[in-house]
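The values are calculated or read from the model by the stated rules, or taken from the named source; none is laboratory data. The model shown is predicted, which means the values in this text are computed figures rather than measured ones. So basically every Cβ, Gly included, is an ideal-geometry build from the backbone, and we count neighbours across all protein chains shown.
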Amino acid sequence: MRILTALVLSCAVLASMGACEQGAPAPQVSEHDHAAHHHQTPDAPPAAKRPDEPAGPMIETGSFLLAVTPSRSGYQIGKDGDVEIALESRGEWHVNQEYPIRVDLKAAPGVALKKNELVKGDAKEFDEKKVRFVVGVEPSAAGEHEVSCDVSFAMCTEENCILERRTVSMPLKVE
C-alpha cells in the first residue's frame, strides 16, 4: 500500500510539472500475498514453515501459540484417548470471539477420530486469551500415526484483525 501511495504521489508531482504524459498507463497494483511469507514482529520467534504447510505439533508467532498435544504418553489399541488442540493469544492480541473458529481433523489409518470437525460450541474453554478443544481418538493399529488439525481463526488487536488458517500435526504412538 505504501508503494502505491508513493507512486500516485510521485506521478501527481510529475504531472504538475508537466512530466507525466496524458494517457500514460497507471501503475500496476499487485495484491500482497501474505501466504508467500510470514510477517514477524521484533519479539516473534522465526516461523519454521509457511502458514499453508503442516507444522509440527506447535506454531508460535508474536500474536498466538497453536499446539496439538496428546493427552497421554502412550495409546493402546482399542482404548479410547484424547488429543488436545489449544490456541493462546500473545501480547496485545486476543482471539476474536465473533469469528467462526473451526478445526478440521484428519488421522492416518489406524486411528479413528470421534469427530472430524470442531466448532466454537465444541470448545472445552473459549475466551479471548485461550481456546481449547479436546477430541476423542480410538487407535486400532500399533505404530506411529499422524493426527493433523487445520485450524481457522482470527487474532485481533484494538486496531486490526488477522484471519489465520494454520495446520498443526503430531505423531500418535500406539502400543
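Looking at the range 111-131, can you tell me whether even one residue there is modelled with pLDDT under 95 and not aliphatic (A, V, I, L, M)?
No, because not a single residue in the range 111-131 is modelled with pLDDT under 95 and not aliphatic (A, V, I, L, M).
Looking at K106, K79, K124, can you tell me which residue is exposed (fewer than 15 other Cβ atoms within 10 Å of the Cβ), more than 20 Å from M58 (Cα to Cα), among the basic types (K, R) and out of contact with any helix residue (DSSP H, G or I) (no Cβ under 7 Å at 6 or more places or on another chain)?
Matching residue, one of K106, K79, K124: K79.
Within the range 151-175, how many residues turn out to be touching a residue at least 12 places away in the same chain (Cβ under 8 Å) and not in a strand (DSSP E or B)?
3
Restricting the range 62-76 to residues that are within 15 Å of G91 (Cβ to Cβ) and small (G, A, S), which is surrounded by the most Cβ atoms within 10 Å (Cβ to Cβ)?
S63
Looking only at the range 117-150, count how many residues are in contact (Cβ under 8 Å) with a residue 40 or more places away in the chain and among the hydrophobic types (A, V, I, L, M, F, W, C).
So the count comes out to 9.
Would you mind stating whether I101 is of a type in the set (V, I, T) and surrounded by 18 or more Cβ atoms within 10 Å (Cβ to Cβ)?
Yes, satisfied.
Can you find, within the range 82-116, the residue that is nearest to S148 (Cα to Cα) among those that are assigned to a strand (DSSP E or B) and in contact (Cβ under 8 Å) with a residue 60 or more places away in the chain?
The residue in question is A107.
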